[in-house]
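Following: one structure in structure tokens, then a few remarks.
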Amino acid sequence: SSGINAEYGKNVPAIINDKPIILIFPGLAELTHRTNIKTLCVAYLQAGYEDVFVCNHRGRCNTPFKTPQISSPYGRFNDVHNCVDHIIQNHGGRKILLVGHCFGGQCIVDYFTAGQKIHQVSDQILGGVINSVMWNTRKSYEVAYVEPMYSVYTKKLGKISKNFLMKDIFSERLGSVRCKLISELSMETPHDMLMLQDILWEVFFDGAFSDLYDHADKTSPSNKIGDTARPLVVINAADDPISLVSSEDIALIEKDANLCFWLFASGGHGAYVSQLFPNTLNFIDEAMVECSDIISLNCK
């Protein structure tokens, strides 16, 4: 077919963009307005990906949080299937690439592994690129929430989680007693973080789990990988205080033919900053786009 090049005002062959739709799943406490999600979207748009979508998790962006479901095979893990179905229904037969950070990456791992036993992975999904995923959730909890590993970043994460829970959308479910308990937590110690997680457990977690650590064991990506349905690039940093990666995790990843693992010596929990100036693309954005290009070109 032919098209009109508006810039030059003459007939030229239409350029067909065959790059897939990008569907991004942020971390548990993130949303579309977070800087790291914005820069990631910009990186994909600048690389020629014309359609970039972000899934805001339940309860984010002032959306009603009517169900407590967080766990697999329910809740937010299941939302990946719902988002994919929505894109397919509204955007024709286009191919889709899934992108995730932290908990969003865990959701994508579940979609390609355990989740496919519940919902078949669509033929329109090419694969995925994820970073800063907590591979062994129990181990991460045990290390990150004890001294001296309770880092500045973990404290900040705890304070973000506390402020998030104090929003009006949660107050009714939490109740006045729990709200008071949360307001009194300084989040300066591992004890405060564990207290917050206990409150979270009582209110929001579902499924057949006895406690937080039982939930961690049964939902950790390290217990699911081995038969990943699509090519999946995994990017982590060795100094990540939240998403720890052990030699055992790496050995498991290497056994899965559809997994490609990229471990950087430094980068923290998704920073990987390549420049010292604010509002610029991080190295992780560039790396994820590069990996997406490789999947797009080789997995059509």
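The values are calculated or read from the model by the stated rules, or taken from the named source; none is laboratory data. Not measured: the values here are computed from a predicted model. Don't worry about glycine lacking a Cβ; one is built from the backbone with ideal geometry, like all the others, and counts go over all protein chains shown. All accessible areas refer to the heavy atoms of the entire protein, side chains included, with ligands and DNA or RNA removed. Shrake-Rupley method; radii C 1.70, N 1.55, O 1.52, S 1.80 Å.
Of note:
- The residue that is farthest from residue 138 (Cα to Cα), counting only those in the stretch 219-257 that are among the polar types (S, T, N, Q) and touching a residue at least 40 places away in the same chain (Cβ under 8 Å), is 228.
- Members of the stretch 92-106 that are more than 29 Å from residue 217 (Cα to Cα), in a loop (DSSP other than H, G, I, E, B) and either open to solvent by less than 40 Å² (accessible area, probe 1.4 Å) or at pLDDT below 85 (or both): 92, 93
- In the stretch 165-195, the residues that are open to solvent by less than 30 Å² (accessible area, probe 1.4 Å) and either at pLDDT below 80 or more than 24 Å from the chain's Cα centre (by Cα) (or both): 165, 170, 174, 175, 179, 182, 185, 190, 192, 193
- Taken over the stretch 136-164, residues that are assigned to a loop (DSSP other than H, G, I, E, B) and either under 30 Å from residue 300 (Cα atoms) or modelled with pLDDT under 70 (or both) amount to 7.
- Selected residue (criterion: nearest to residue 49 (Cα to Cα)) from residues of the stretch 107-126 that are touching a Pro at 6+ places or on another chain (Cβ under 6 Å) and modelled with pLDDT of 85 or more: 126
- Only residues that are modelled with pLDDT of 85 or more and either open to solvent by 40 Å² or more (accessible area, probe 1.4 Å) or closer than 16 Å to residue 120 by Cα (or both) were counted in the stretch 219-236, giving 4.
- Taking the criterion of being touching a strand residue (DSSP E or B) at 6+ places or on another chain (Cβ under 6 Å) and closer than 21 Å to residue 283 by Cα, the residues of the stretch 98-126 that qualify are 98, 99, 100, 101, 104, 105.
- Look at the stretch 260-271: where a residue is within 12 Å of residue 133 (Cβ to Cβ) and a partner is in a loop (DSSP other than H, G, I, E, B) and of a type in the set (D, E, K, R), sitting 6+ places away or on another chain with Cβ atoms under 6 Å, you get 269/240.
- With respect to (1) over 20 Å from residue 110 (Cβ atoms); (2) open to solvent by less than 30 Å² (accessible area, probe 1.4 Å); (3) modelled with pLDDT of 85 or more, the lone exception for residue 272 is condition (3).
- For the stretch 69-80, the criterion of being within 20 Å of residue 293 (Cα to Cα), at pLDDT 80 or above and either touching a Cys at 6+ places or on another chain (Cβ under 7 Å) or in a loop (DSSP other than H, G, I, E, B) (or both) is satisfied by no residue at all.
- Among the residues of the stretch 50-68, the one identified as of a type in the set (Phe, Trp, Tyr) and either modelled with pLDDT under 65 or in contact with a Ser or Thr (Cβ under 6 Å, 6 or more places away or on another chain) (or both) is 65.
- Within the stretch 244-265, restricting attention to residues that are over 20 Å from residue 114 (Cα atoms) and in a loop (DSSP other than H, G, I, E, B), the residue that is most open to solvent (accessible area, probe 1.4 Å) is 265.
- Residue among 129, 133 that is in contact with a Phe, Trp or Tyr (Cβ under 9 Å, 6 or more places away or on another chain), closer than 30 Å to residue 21 by Cβ, at pLDDT 75 or above and open to solvent by less than 10 Å² (accessible area, probe 1.4 Å): 133
- Criterion: among the small types (Gly, Ala, Ser) and modelled with pLDDT of 90 or more - qualifying residue of 14, 6, 29, 47: 47
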